[in-house]
Amino acid sequence: MRAMFFSGGAADPSLAGEADPNVQFYKNQMPSKPDGAKCEDIHKNWDGDFNRLEMHHGYIQWLFPVFENAGMNWESQPLSKAGAAIIRQDPEASRRVMGSYRLMLKFYGLVLKDEKTGELERHPDCYTAQMENLNESGHNWLRVSRIITSLGELGFRRYKKPLIETLKKEVECGALANAAQSCHNFWAPLVEAEGTPRYNAKTLEEDADREEGCLFQPGGELA
């Protein structure tokens, strides 16, 4: 299972900065493609629609873009370095990233307990069924890798460690036992090997790309 890495190259220079479709999506100016919706509409109308989130394969690349594209959706674009910086410094866009994270956490049976630290807990209403679904659904393990990577590139690096710690606990208790190999070989290195030459070569990241977003910077609402 190639759960850590993504296929394809970096962003087209002509689709960087404000022209980056990922920026336009996170500014709520354009919908995801194919068969998608604008960011805020996804948050509002897809929340808890677990069947749609399971079966639709064209939204995750928009909610969690990364520098190196994944081949499952040819209507998405890799995240540009300049585009990522714009999202990190835009409070509304950053809040939408958090909304995307909450959406997927619920899909996996988890909830964001603390916005400032990224601490997670089991969702009181859907943990059992959704964690079981994650345990049985290998394509969701690939999505987890994308989410971890994207969080760091969109200004939420501090959320990566609480996420992997939670996933490890679920593996250890047996609830997520089927994903033990992916957790050890792919998810954990996306946190623990961050900044190493191998990590940087595969994610196309540099240290500056993991700058904290405006919400956490001095004067930000979560500082």
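In the condition set (1) within 27 Å of Pro218 (Cβ to Cβ); (2) more than 14 Å from the chain's Cα centre (by Cα); (3) touching a residue at least 24 places away in the same chain (Cβ under 8 Å); (4) surrounded by fewer than 23 Cβ atoms within 10 Å (Cβ to Cβ), Gly83 is compliant with all but (4). Confirm whether Ala208 is over 24 Å from Asp114 (Cβ atoms), of a type outside the set (Lys, Arg), modelled with pLDDT of 95 or more and open to solvent by less than 60 Å² (accessible area, probe 1.4 Å). It is false that Ala208 is over 24 Å from Asp114 (Cβ atoms), of a type outside the set (Lys, Arg), modelled with pLDDT of 95 or more and open to solvent by less than 60 Å² (accessible area, probe 1.4 Å). Here Glu221 meets the list (1) charged (D, E, K, R); (2) part of a helix (DSSP H, G or I); (3) closer than 24 Å to Lys113 by Cβ almost entirely, failing just condition (2).
Take the conditions (1) surrounded by fewer than 20 Cβ atoms within 10 Å (Cβ to Cβ); (2) out of contact with any Cys (no Cβ under 6 Å at 6 or more places or on another chain); Pro91 misses just one of them, which is (2).
If the condition is being open to solvent by less than 10 Å² (accessible area, probe 1.4 Å), part of a helix (DSSP H, G or I) and over 16 Å from Leu103 (Cβ atoms), then region 132-168 contributes Ser145, Thr149, Gly152, Glu153, Lys160, Ile164, Leu167. Residues that are touching a helix residue (DSSP H, G or I) at 6+ places or on another chain (Cβ under 8 Å), without any contact (Cβ under 8 Å) to a residue 24 or more places away in the chain and either surrounded by 17 or more Cβ atoms within 10 Å (Cβ to Cβ) or within 15 Å of Gly118 (Cβ to Cβ) (or both) within region 169-194 comprise Val171, Cys183, listed in sequence order.
Of the set (1) free of Cβ contacts under 8 Å to residues at least 40 places away in the same chain; (2) under 19 Å from Phe50 (Cβ atoms); (3) out of contact with any strand residue (DSSP E or B) (no Cβ under 9 Å at 6 or more places or on another chain); (4) not hydrophobic (A, V, I, L, M, F, W, C), all apply to Arg122 but (3).
The values are calculated or read from the model by the stated rules, or taken from the named source; none is laboratory data. Predicted model, so just to flag it, every value in this text is computed and none were measured. Neighbour counts run over all protein chains shown; Cβ positions are idealised from the backbone, glycine included. Side chains included, ligands, DNA and RNA excluded: accessible areas come from the protein's heavy atoms. Shrake-Rupley method; radii C 1.70, N 1.55, O 1.52, S 1.80 Å.
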